[in-house]
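Colleague: Can you keep this structure in mind? I'll have questions shortly.
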Amino acid sequence: MKLFYTPGACSMACHITLRELELPFELMKVDLATGRTETGIDFRLLNPKGYVPALQLNNGEFLTENQVILQYLVDEVPTSDLAPPQGTLERYRLMEWLAFIATELHKGFGPLWNRDLPGEVHQLAKDRLGKRFDFVEKTLLGREWLLGPHFTIVDSYLFTVLSWAHVLHVDLTPWPGLESYVNRVRNRPAVQATLASEGLV
């Protein structure tokens, strides 16, 4: 498999998961500004959506979208604790969290990446994110990981999204549980290896 990624982007969740599962994979960096891979290929020829992540499977086909790729990867290793078994209510809870992270947190950070937007728009985005952070913080009370005792793919995704807070000047100190959580995830060997590989440490 080959993961097309951009350092620090949402593709990092897939990168972490590949390392957690110890699956064999290659990395191909994509420059989103130029739309080209590190080998000079026009990325849109491979993925017409033009954004990461994209996972090239061993048969040459491509999968896109974090929620889909993360579940595909974990289903490659069904004995892993990174997701509950398919068909269980717990698996649907995991899917529920993946959808929440994608639509409420990941997309919630979207306006903050656009520096041309007025300050009041940025502040509105931060206020909305704060309400979502309240919910996640309450969920994490008494838990090590988002779904309970086991690190799962939702933690890979949540950590990735929360890591943007520092870059985008979103202060997490009002949510000490989130700060502790981010540090717990960061200390995992697979996460450390991912950050090092993407040049983020």
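None of the figures in this text is laboratory data; all of them are computed from the coordinates on show. The model shown is predicted, which means the values in this text are computed figures rather than measured ones. A quick note on method: Cβ atoms are made from the backbone with ideal geometry, for glycine too, and the neighbour counts reach across all protein chains shown.
Colleague: Could you order the peptides 69-77, 100-108, 112-120 from most to least packed, using the average number of other C-beta atoms within 10 Å per residue?
Modeller: Those peptides, ordered most packed to least, come out 69-77, 100-108, 112-120.
Colleague: Fewest to most neighbouring Cβ within 10 Å: what's the order for HIS169, HIS15? Intermediate values should be presented prior to the final figure.
Modeller: Numbers: HIS169 9, HIS15 26.
Listing HIS169, HIS15 from fewest to most nearby Cβ atoms yields HIS169, HIS15.
Colleague: Let's see if you can work this out: charge +1 on each Lys and Arg Cβ, -1 on each Asp and Glu Cβ, no other charges. What is the dipole magnitude of segment 89-188 about its Cα centre, in debye to the nearest 20?
Modeller: 200
Colleague: Under unit Cβ charges (Lys, Arg +1; Asp, Glu -1), what dipole magnitude, rounded to 20 debye, does the chain have relative to its Cα centre?
Modeller: 240
Colleague: Right, here's the next one. Over the Cα atoms of segment 89-188, what radius of gyration and what Dmax do you get, in Å?
Modeller: For segment 89-188, the Cα-based Rg and Dmax read 13.6, 43 Å.
Colleague: How long are the three semi-axes of the equivalent ellipsoid for segment 35-154, computed from the Cα gyration tensor as the root of 5 times each eigenvalue, in whole Å, largest first?
Modeller: Largest first, segment 35-154 gives 27, 27, 10 Å.
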